[in-house]
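Below is one structure; the comments refer to it alone.
The values are calculated or read from the model by the stated rules, or taken from the named source; none is laboratory data. What you are looking at is a predicted structure, and each value in this text was computed from that prediction instead of being measured. Here the Cβ is made from the backbone with ideal geometry for all residues, glycine too, and neighbour counts use every protein chain on show. These area figures cover heavy atoms from the full protein model, side chains too; ligands, DNA and RNA do not enter into them. Shrake-Rupley method; radii C 1.70, N 1.55, O 1.52, S 1.80 Å.
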Amino acid sequence: DAGVTQSPTHLIKTRGQQVTLRCSPKSGHDTVSWYQQALGQGPQFIFQYYEEEERQRGNFPDRFSGHQFPNYSSELNVNALLLGDSALYLCASTLFIDRNEKLFFGSGTQLSVL
Amino acid sequence: QQQVKQSPQSLIVQKGGISIINCAYENTAFDYFPWYQQFPGKGPALLIAIRPDVSEKKEGRFTISFNKSAKQFSLHIMDSQPGDSATYFCAAINSGTYKYIFGTGTRLKVLA
């Protein structure tokens with residue numbers, strides 16, 4: 001059973017460019033969340049997608065947008081990149097077990113903005 | 001009020017010792033408190049979790065202690081091993097908001 005897969009693993013962009021990150025959730029998981037993890041910090045919630053709709057959003061500007069496809073895979077798009085967008089971007093698929101929302105993270109995409 | 005404060009920032013423990021990491025929260029609406037373990041180059045992996053209706057949960061060498069009145073919870077790693085060397089994150093969520101709040105992490109090093 002494949003876990004959560006993310007691509008690409010690493011990415012280097014320059015300020016002002018746009019980037020698209022991709023995520024495939026674990027088999028059977030229909031909910032995908034995206035988190036940003038700055039160096040030395042905990043993950044910060046960007047948004048969650050369920051049934052191809054954004055269900056919840058964190059405190060991130062509109063430059064951050066996403067999409068979920070019918071097969072439950074997801075994309076994170078960031079426009080007009082800033083130096084401060086450099087971080088590890090984590091995708092997590094979600095399973096609800098015994099009333100609890102359990103996150104299963106991928107290994108992330110390391111984005112460097114120069 | 002949405003923060004989860006985690007301490008210490010780093011921790012060095014001898015092999016066989018007990019590692020203790022603490023977290024505190026303010027939002028009483030939080031109702032699920034997991035701990036995640038992250039190795040370099042990997043995403044966080046769920047280690048153990050607790051709901052506020054119990055004061056302690058143990059899974060193998062890992063124990064969560066939960067103090068609802070103090071709004072604090074902690075992770076205890078018994079018989080710490082070099083393979084436990086990783087960064088540990090506490091987290092909290094108000095179920096239904098779908099949004100986890102993570103602590104800032106504790107970098108644990110277990111000396112052989």
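For the range B:85-102, the criterion of being more than 10 Å from chain A (Cβ to nearest Cβ), surrounded by fewer than 17 Cβ atoms within 10 Å (Cβ to Cβ) and at pLDDT 95 or above is satisfied by no residue at all.
Selection of the range A:98-114 for residues being within 26 Å of B:Ile48 (Cβ to Cβ) and either open to solvent by 60 Å² or more (accessible area, probe 1.4 Å) or touching a Cys at 6+ places or on another chain (Cβ under 6 Å) (or both) yields A:Asp98, A:Arg99, A:Phe104, A:Gly106. Could you list, in sequence order, all residues of the range B:54-78 that are not hydrophobic (A, V, I, L, M, F, W, C) and not in a strand (DSSP E or B)? Result: B:Ser55, B:Gly60, B:Arg61, B:Lys68, B:Ser69, B:Lys71.
Quick check on A:Leu21: is it more than 22 Å from B:Thr104 (Cβ to Cβ), part of a loop (DSSP other than H, G, I, E, B), open to solvent by less than 10 Å² (accessible area, probe 1.4 Å) and at pLDDT 95 or above? Criteria not met by A:Leu21. Checking each residue in the range B:14-40 for being open to solvent by 70 Å² or more (accessible area, probe 1.4 Å) and within 11 Å of another protein chain (Cβ to nearest Cβ) picks out B:Phe39, B:Pro40.
Taking the range A:72-94 as the range and being within 16 Å of the chain's Cα centre (by Cα) and of a type outside the set (Ser, Thr, Tyr) as the test, the residues that pass are A:Glu75, A:Leu76, A:Asn77, A:Val78, A:Asn79, A:Leu81, A:Asp85, A:Ala87, A:Leu88, A:Leu90, A:Cys91, A:Ala92.
Within the option set A:Ile46, A:Ile12, being within 11 Å of another protein chain (Cβ to nearest Cβ) and either over 20 Å from B:Pro34 (Cβ atoms) or not in a loop (DSSP other than H, G, I, E, B) (or both) holds for one residue only, A:Ile46.
If you check A:Ser65, A:Ser27, A:Ser7 for being modelled with pLDDT under 95, surrounded by fewer than 18 Cβ atoms within 10 Å (Cβ to Cβ) and more than 11 Å from A:Ala92 (Cα to Cα), only one passes: A:Ser27.
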